[in-house]
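Notes follow the structure.
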Amino acid sequence: MKGGKRAPSEWNLFVKKIFNEGKSKNSSYAFKDALKDASRRKSEMGSSSSKGTMKMKKSRSRRNRGKKGTRRRRH
């Protein structure tokens, strides 16, 4: 099956950069450490032009995923 890969997100590229930096300094540096460090260093990440423009979509809880406006009957 052929298909295009999605381009890595800005966050993925940032974590990868942090991981490569850490791995070059310490051979036992793990990817989970890179994720933690990247989280602490978020302010260094990418362009600030799109910062704050995206709104998070509010997701419905697993319990309330039914159709809107319908009620479940209790037995």
Subject >> Cut-off 9 Å between beta-carbons: net charge of the residues surrounding Gly22, Lys and Arg +1, Asp and Glu -1 >> reply: -1
Original post:
Most exposed first by the Cβ proxy, i.e. fewest other Cβ within 10 Å, how do Glu21, Glu44 rank?
Top reply: Glu44, Glu21
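Would you order Arg41, Arg73 from fewest to most other beta-carbon atoms within 10 Å of each residue's own beta-carbon? Could you put the intermediate results ahead of the total?
Details: Arg41 13, Arg73 5.
So the ranking, lowest neighbour count to highest, is Arg73, Arg41.
Expected output is a single nm value to one decimal: the length gained when fully extending between His75 and Asp37, i.e. 0.36 nm times separation in residues minus the C-alpha distance. What is it?
Values: separation 38, 0.36 × 38 = 13.68 nm, distance 5.06 nm.
Stretched fully, the His75-Asp37 segment lengthens by 8.6 nm.
Taken together, the values in this text are just the output of simple stated rules run on the coordinates, not laboratory data. For clarity, every value in this text was computed on a predicted model and none was experimentally measured. As a convention, Cβ positions derive from the backbone with ideal geometry for all residues, glycine included, and neighbour counts pool all protein chains shown.
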